[in-house]
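Data first, discussion second: the structure below is written as structure tokens.
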């Protein structure tokens, strides 16, 4: 393997150490229906997303809920931290099309209509939310103290 290819592979491996992923392959739900559920939870806090999925009437929400709990447990296994203390959120959810089973249904006058039973692949990424507001708040309070002293 060339050095450039080796360096990019090493960088990818390092990035995967801090990425907490759960994947579901060949889920027998259409990608359009599953992506509607995925949009509900993207960017939300993990436990808020679990509540949304648990009380959602959509059939695809049950599978997404199991996948999210799997991603949370993957985080706990990799880091050794508890998920409750970590300020986790759903970073991204990708829903991609998978194999389509093609079936035929009888139609009038000896014809046949095609039925496409769709399935999908889901990739769910969970990450820690970094608090960037704290350093900014300290800088603002320092500026206001300097102004009040003058």
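Taking residue 90 and the conditions (1) assigned to a helix (DSSP H, G or I); (2) surrounded by 16 or more Cβ atoms within 10 Å (Cβ to Cβ); (3) without any contact (Cβ under 8 Å) to a residue 60 or more places away in the chain, which numbered condition does it fall short on, given that it satisfies the others?
(1)
Residues being farther than 28 Å from residue 83 by Cα and in contact (Cβ under 8 Å) with a residue 24 or more places away in the chain: count how many of those fall in the stretch 2-25.
Total meeting the criteria: 0.
Would you mind stating whether residue 96 is farther than 15 Å from residue 42 by Cα, touching a strand residue (DSSP E or B) at 6+ places or on another chain (Cβ under 7 Å) and either exposed (fewer than 12 other Cβ atoms within 10 Å of the Cβ) or at pLDDT 95 or above (or both)?
Judged against the criteria, residue 96 is a match.
Could you tell me whether any residue of the stretch 132-142 is at pLDDT 85 or above, more than 30 Å from residue 27 (Cα to Cα) and outside any strand (DSSP E or B)?
No, every residue in the stretch 132-142 fails to be at pLDDT 85 or above, more than 30 Å from residue 27 (Cα to Cα) and outside any strand (DSSP E or B).
Restrict the check to the stretch 3-16 and report whether at least one residue is in contact with a helix residue (DSSP H, G or I) (Cβ under 8 Å, 6 or more places away or on another chain), loosely packed, with under 14 Cβ neighbours inside 10 Å and farther than 21 Å from residue 131 by Cβ.
no
Of everything in the stretch 45-65 that's under 12 Å from residue 124 (Cβ atoms) and in contact with a strand residue (DSSP E or B) (Cβ under 8 Å, 6 or more places away or on another chain), which residue is surrounded by the fewest Cβ atoms within 10 Å (Cβ to Cβ)?
Residue satisfying both the conditions and the ranking: 63.
Would you mention how many residues in the stretch 24-47 are outside any loop (DSSP other than H, G, I, E, B) and either in contact with a helix residue (DSSP H, G or I) (Cβ under 8 Å, 6 or more places away or on another chain) or on the phi > 0 side of the Ramachandran plot (or both)?
The total comes to 11.
Take the conditions surrounded by 10 or more Cβ atoms within 10 Å (Cβ to Cβ), within 19 Å of residue 19 (Cα to Cα) and at pLDDT 95 or above and apply them to residue 37. Does it pass?
No, not satisfied.
Checking the structure you have, find out if any residue of the stretch 69-79 is out of contact with any strand residue (DSSP E or B) (no Cβ under 8 Å at 6 or more places or on another chain) and not in a helix (DSSP H, G or I).
No: zero hits.
Given the criteria surrounded by 10 or more Cβ atoms within 10 Å (Cβ to Cβ), within 28 Å of residue 14 (Cα to Cα), in contact with a helix residue (DSSP H, G or I) (Cβ under 9 Å, 6 or more places away or on another chain) and modelled with pLDDT under 95, does residue 76 qualify?
no
The values are calculated or read from the model by the stated rules, or taken from the named source; none is laboratory data. Because the structure is predicted, anything quoted here is derived from the model rather than measured. Ideal geometry is used to build each Cβ from the backbone, glycine not excepted, and the neighbour counts take in all protein chains shown.
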